[in-house]
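Nothing in this text is a laboratory measurement; each read-out follows from the coordinates by a stated rule. As the structure is a computational prediction, the values presented were derived from the model and not from experiment. Cβ: placed from backbone, ideal geometry, glycine included. Neighbour counts: every protein chain shown.
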Amino acid sequence: MSLFTIFHVAGSGMSAQAQRLNVVASNLANADSVTSSNGQPYRARHVLFGAVPVAGQENSGVAVQFVAEDQSTPRVVHNPSHPLADTGGNVAMPNVNVVEEMVDMISASRSYQNSVETMNAAKTLLLKTLTIGQ
Amino acid sequence: MRSSLDHTLAFHQTALRLRAERQQLLASNIANADTPNYRARDFNFSRTLQAAMARNPQFDAKLLVTSPQHIAGAASNTPSGGPLQYRTVQQASADGNTVDMDVERNQFIDNAIRYEASLTMISGQVKGLLTAIQG
């Protein structure tokens, strides 16, 4: 039944957007983490979406294919008093672009809302369908 | 041979099935609004409905597959047999995605209202039949 499939489709969209929001939160939280478990400054992460089949129909749902690390160079800040400063007094900071992350966050929450509304519409239609003949 | 009762309800039944299928397709487009290289899809409702009504459901059978070496019958794109089409792009985006959220939301609401209209009509038909039976 197609209307039930909408729950799977919209649900896949919601979980994918939630994961994207999670990654954005992680990036924003680590915007100033100059070091991590490997001794390097934190690198921004980005999710990559891909269309996936749902209920036998190709390319209907969405899923996070993988989470990629941003390969751009770390932001260099001149701060000689920093404990991790090199001989030139420069510190490598994470390559998180806070403005970009905020935009990503707004986009993710809007898309999430769209999926929620899709699901609500499907629910209304299904409930109305149940009243046939009443 | 279809009974006259079946015949009475057939049109709106088919219409509802197609509306539900289209609703799912539009939901897929909305869910994939941020997927790179995703192409928004839709089908021509009136043409698909005409094709579905013209076809006799008794002859609308799939090829029988009795061995794993058999080739399944050519499956059409929509479950109802209509060809899926790609939406024309109004404003191209950099990541190759062609979902225009305004168009999709518009069509989604439009389709939902038409689904409800079909529901109302099929309900009316059922009520009419019940009146005829019960007096």
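Backbone N atoms of region A:111-134 closer than 13 Å to the 7 Å Cα→Cβ label point of B:Leu9 belong to residues A:130-134.
So, R0 is 25 Å and r is the distance between the beta-carbons of B:Ala94 and A:Ser109; what FRET efficiency does that work out to, to 0.05? So, using R0 = 25 Å, E works out to roughly 0.75. Averaging Cα coordinates gives a centre for region A:1-37 and one for region A:72-93; these two points are 32 Å apart. Farthest toward the positive end of the dipole of the protein assembly as shown, out of B:Gln125, A:Gly11, B:Ala52, is the Cα of B:Gln125, where the dipole comes from beta carbon charges about the Cα centre. Evaluating 6.51 cos²θ - 1.76 cosθ + 1.60 at θ = phi - 60° for every residue in region A:112-124, the Karplus couplings come out as 4, 4, 4, 5, 4, 5, 4, 5, 4, 4, 4, 5, 4 Hz, glycine and proline recorded as x.
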